[in-house]
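The values are calculated or read from the model by the stated rules, or taken from the named source; none is laboratory data. These numbers were taken from a predicted model, which means no experiment stands behind them. Here the Cβ positions follow ideal geometry from the backbone for every residue, glycine too, while neighbour counts run over all protein chains shown.
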Amino acid sequence: MAKSSPDYSLKVDGVEGLCPAGEAWAEKNLSDGKIPVFSCEGPCIRGEIARLAANRVAEEEPFARCCHAEVFCVPHSAMARWAKESDRAVMIDGCFLSCHGRILKNLIDESKIVHIDALPLYKKYTDKFLMDDVPEEERKEVAHQVAGKILAKLKEEVLSV
Ligand code: SF4
């Protein structure tokens, strides 16, 4: 079995229309100068910890949650424009495979992205796949701790600049 893949492209079908709520959210965040926060949203416990931590980070100023799927799949959306026009972006991936970060860095200026692998920040559950294998309260607590570490890093690397 191969242990790596070279760079590759995906064909994505075009789309018509826009999400009204997403448009309003992204337009407001763009005009307010909010920094978009993306997360890996894989179905496994690593994706879930990243997602919960991103939600928590995005509660703090000047951050706000961005929809990675709309940015990747609806290029004419305000969500994509917000991601491209922001001075910075935060990408929280669930593990070293960096699934979302590897796409995002090809869509927006890579130098603007603070890319974080959440797993080394808690170092647990590497033998588990499903999020449901970890009790909900424990997931939330671990994600809360991860978000605290990420916010400390962002305060040093983004907010102090
Ligand atoms: S980065 Fe890791 S946890 Fe996230 S989607 Fe990829 S393999 Fe899953």
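Some points to look at:
- Residues that are surrounded by fewer than 16 Cβ atoms within 10 Å (Cβ to Cβ), within 12 Å of the ligand (Cβ to nearest atom) and touching a residue at least 12 places away in the same chain (Cβ under 8 Å) within the stretch 104-129 comprise K128, F129, listed in sequence order.
- Every condition in (1) within 16 Å of the ligand (Cβ to nearest atom); (2) part of a loop (DSSP other than H, G, I, E, B); (3) at pLDDT 95 or above holds for E61 except the one numbered (1).
- Unmet requirement for K28, which otherwise passes all of (1) surrounded by fewer than 16 Cβ atoms within 10 Å (Cβ to Cβ); (2) touching a Gly at 6+ places or on another chain (Cβ under 6 Å); (3) of a type in the set (K, R): (2)
- Neighbours by Cβ (under 6 Å, 6+ apart or cross-chain): first from the stretch 72-86, farther than 18 Å from K105 by Cβ; second surrounded by 20 or more Cβ atoms within 10 Å (Cβ to Cβ): S77/E70; A78/A26
- The condition of being within 13 Å of the chain's Cα centre (by Cα) and part of a loop (DSSP other than H, G, I, E, B) holds for G42.
- Breaking point among (1) more than 28 Å from L121 (Cα to Cα); (2) surrounded by 15 or more Cβ atoms within 10 Å (Cβ to Cβ); (3) in contact with a helix residue (DSSP H, G or I) (Cβ under 8 Å, 6 or more places away or on another chain), for V37: (1)
- The stretch 31-55 residues that are under 11 Å from A118 (Cβ atoms), paired with ones that are assigned to a helix (DSSP H, G or I) and more than 15 Å from the ligand (Cβ to nearest atom) (beta carbon under 6 Å, 6 or more apart): A53/A147
- Scanning the stretch 71-93 for residues that are touching a strand residue (DSSP E or B) at 6+ places or on another chain (Cβ under 7 Å) and either within 9 Å of the ligand (Cβ to nearest atom) or of a type in the set (K, R) (or both) gives R88, D93.
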